[in-house]
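Asks: Take a look at this one; I'll ask things after.
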Amino acid sequence: MARFSFASLIGHALAGNRRWPAQWREAAPQAEYDVVIVGGGGHGLATAYYLAREHGVRRVAVLEKGWIGGGNTGRNTTIIRSNYLWPESAALYEHAMQLWQGLSRALNYNVMYSPRGVMVLAHNHHDVLVGQRHVHANRLAGIDNEWLTPGQVGDFCPILNVSRDIRYPILGAALQRRGGTARHDAVAWGFARGASALGVDIVENCEVVGIDRDATGAVCGVQTTRGPIRAPRIGVVAAGHTSVVMAMAGVRMPLESYPLQALVSEPVKPAMPCVVMSNTIHAYMSQSDKGEMVIGAGTDAYNSYSQTGALHISSHTLEAICELFPVVRRLRMLRNWGGIVDVTPDRSPVVGLTPVAGLFVNCGWGTGGFKATPGSGHVFAHTIATGRPHPVNAPFTLDRFRTGNLIDEAAAAAVAH
């Protein structure tokens, strides 16, 4: 029978979950493991699951300073898509997309993946050119994406205002029909249960406060609030706080952290058939299975570890949403929040080795982390198990910031969510 701490259960309740958490083994940390994963979010749990399932590495501990699903995994807006511009990014997110399609069956747990379509709006001539460029690039890469006229946009999402006399007139849109949503915390619970069934230890309320290195400089363990743990391989997957953890091993990361805001409305009957995104006005919306309108905004303009963010960001987003979707103007917002995103100079992640032997890092996803969850875990597990990158994550090396082989998705990925 699974054991849950009181803090864990309270955490799930405060996070707004209306069901008992999934059953996984919450173990007391042992003295030694083959691999320690720092961070019990979706990426960390996925890494542990694939280490055990694909590579037979089962003496793994996932260390989470809070409760499972209580960090960025439980604070995202659930969007899944693979229509990125550059071949390296498209390959990485498409790898994740293909795993998403069979994830519920693989985990024997319903992650509520819903391929309802993701539509990225164009409001001016520049948006049209950028959107059509995405469509052509994706098709060349074998990834589905298509261009819609304003009339087709209105047909695909009837509650969207496609009139030409609004502040942000819609001139067209790029549509990826396989894109959609999934239940954010269910993904973490599903991977946690799957990893636990394979022998992985999941340790909640266990903060890493130091990384130990031996005489050769290689990592040999971690110091935690629940005692020391020895391990020859450490994977850091601590979204929002990667720089803090990596500094414990003397590694400086090219990252900045920003709050990223979102809001959820009161639940209503089904009205929103897809995900609609707009880069120009930094607003996007979908509807959850419970009926809530999930509304996302952009990042704040300043560095912060705050999980709230500036009020003017969400106010601007709501103004735009009310104009694009007049039907939602009278809805009350139940809550808003801010996740913490790590951003690299080229807005692409770092997944791979570090200058310290035995230390691996998975970070810098910015606003693209959730959609990459299974693919990220899959390739990161390969990297840790074999000591070399998977072909999909090989371009996303930390060394690219020295060589100049950047993968610049700063303005190429819609609102990058």
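The values are calculated or read from the model by the stated rules, or taken from the named source; none is laboratory data. Computed from a predicted structure; not experimentally measured. In this analysis, Cβ positions are derived from the backbone assuming ideal geometry, glycine residues included, and neighbour counts consider all displayed protein chains. Remember, those area values only see protein heavy atoms, side chains included, never the ligands or the DNA or RNA. Shrake-Rupley method; radii C 1.70, N 1.55, O 1.52, S 1.80 Å.
Asks: Quick check: pseudo-label points 7 Å beyond the Cα along Cα→Cβ at Gln223 and Ala197, how many nm apart are they?
Replies: 3.9 nm
Asks: Something else now. Quick one: if you take sqrt(5λ) for each eigenvalue of the C-alpha gyration tensor of region 218-276, what semi-axes come out, biggest first, whole angstrom?
Replies: Largest first, region 218-276 gives 39, 16, 11 Å.
Asks: In straight Cα distance, which lysines are under 27 Å from Lys290, not counting same-chain residues fewer than 8 positions off?
Replies: Answer for Lys290, where 27 Å is the Cα cut-off: Lys269, Lys371, listed by chain and number.
Asks: Run the Debye formula on the Cα coordinates of region 264-417, all scatterers equal and no solvent, and tell me log10 I(q)/I(0) at q = 0.19 1/Å.
Replies: After summing over all Cα pairs, the log10 values are -1.16.
Asks: Follow-up question, since we're still on this one. Using the Cβ atoms and a cut-off under 15 Å, what net charge is assigned to the surroundings of Lys269, where Lys and Arg are +1 and Asp and Glu are -1?
Replies: Summing Lys/Arg as +1 and Asp/Glu as -1 gives -1.
Asks: Give the calculated FRET efficiency between Thr216 and Lys269 to the nearest 0.05, with a Förster radius of 56 Å applied to their Cβ-Cβ distance.
Replies: Once the sixth-power term is evaluated, E becomes 0.35.
Asks: Continuing with the same structure: Pop out the ³J(HN,Hα) list for region 326-332 in order, Karplus 6.51 cos²θ - 1.76 cosθ + 1.60 with θ = phi - 60°, rounded to Hz; leave Gly and Pro as x.
Replies: Running phi through 6.51 cos²θ - 1.76 cosθ + 1.60 with θ = phi - 60° gives x, 5, 9, 4, 9, 6, 8 Hz.
Asks: Could you give the length gained by full extension between Arg230 and Glu54, i.e. 0.36 nm per residue of separation minus their alpha carbon distance, to one decimal place?
Replies: Difference between extended and current length: 61.0 nm.
Asks: Given 37 °C and 0.692 mPa s, how large is the Stokes-Einstein diffusion coefficient of region 302-373 in µm²/s, with Rh as the Kirkwood radius over Cα pairs?
Replies: 214 µm²/s
Asks: Counting residues in the chain as N, plug N into 2.2 N^0.38 Å and put the Cα Rg over that result.
Replies: After normalising by residue count via 2.2 N^0.38 Å, the value is 0.95.
Asks: I would also like to ask the following. In degrees, nearest 10, range 0 to 90: what is the angle between the Cα axis of helix 184-197 and the longest Cα principal axis of the chain?
Replies: The answer is roughly 30 degrees.
Asks: May I pose another question? In a Gaussian network model over the chain where Cα atoms closer than 10 Å are linked, find which of Val294, Val62, Val268 has the largest mean-square fluctuation.
Replies: Top of the fluctuation ranking is Val268.
Asks: Comparing Asn145, Asn362, Asn108, which has the greatest mean-square fluctuation in the GNM of the chain with Cα pairs linked when under 10 Å apart?
Replies: Ranking Asn145, Asn362, Asn108 by mean-square fluctuation puts Asn108 first.
Asks: Testing the spin-label approximation: label points 7 Å from Cα along Cα→Cβ at Asp399 and Lys290. State their distance in nm.
Replies: About 4.7 nm separates the two model spin labels.
Asks: Could you pull out which residues in region 248-284 have an amide N less than 17 Å from a spot 7 Å beyond the Cα of Glu323, following the Cα-Cβ vector?
Replies: 277-284
Asks: While we're looking at this one, here's another question. Classify region 169-276 as rounded, prolate or oblate from the Cα gyration tensor: take a ≥ b ≥ c as the square roots of its eigenvalues, call it rounded if a/c is under 1.5, otherwise prolate when a/b beats b/c and oblate if not.
Replies: Judged from the Cα gyration tensor, region 169-276 comes out prolate (a/c at least 1.5, a/b above b/c).
Asks: Separate question: Given labels modelled 7 Å from the Cα in the Cβ direction, how far is it in nm from Asp144 to Asn303?
Replies: 4.2 nm
Asks: If one takes the longest principal axis of the Cα atoms in the chain, at what angle in degrees, from 0 to 90 and to the nearest 10, does the Cα axis of helix 373-386 lie?
Replies: Orientation of helix 373-386: about 30 degrees from the principal axis.
Asks: For the chain, modelled as a GNM with alpha-carbon contacts under 10 angstrom, which of Ile166, Ile295, Ile313 fluctuates the most?
Replies: Result for the chain, Cα springs under 10 Å: Ile166 fluctuates most.
Asks: Using a probe radius of 1.4 Å on heavy atoms only, what accessible surface per residue do you get for the chain? Whole Å² is fine.
Replies: Dividing the accessible area of the chain by its residue count gives 40 Å².
Asks: Regarding region 71-220, what's the average projected area of the Cα-atom convex hull, expressed in nm²?
Replies: For the Cα atoms of region 71-220, the hull's average projected area reads 13.6 nm².
Asks: Using a 1.4 Å probe over the heavy atoms of the protein chains, calculate the carbon and sulfur portion of the accessible area of the chain as a whole percent.
Replies: Here carbon and sulfur together make up 54 percent of the probe-accessible area.
Asks: Suppose only helical runs count, i.e. DSSP H with n ≥ 4. What mean residue ellipticity at 222 nm does that imply for the chain under -39500 (n - 2.57) per run, divided by all residues and rounded to the nearest 500 deg cm²/dmol?
Replies: Only helices count here, giving -8500 deg cm²/dmol.
Asks: Also, I was wondering about something else. Ranked highest first by average number of other Cβ atoms within 10 Å, how do 345-351, 285-291, 365-371 line up?
Replies: By packing density, highest mean first, the sequence is 365-371, 345-351, 285-291.
Asks: Extension gain His316-Glu32, at 0.36 nm per residue separation less the Cα-Cα distance, in nm?
Replies: 97.2 nm
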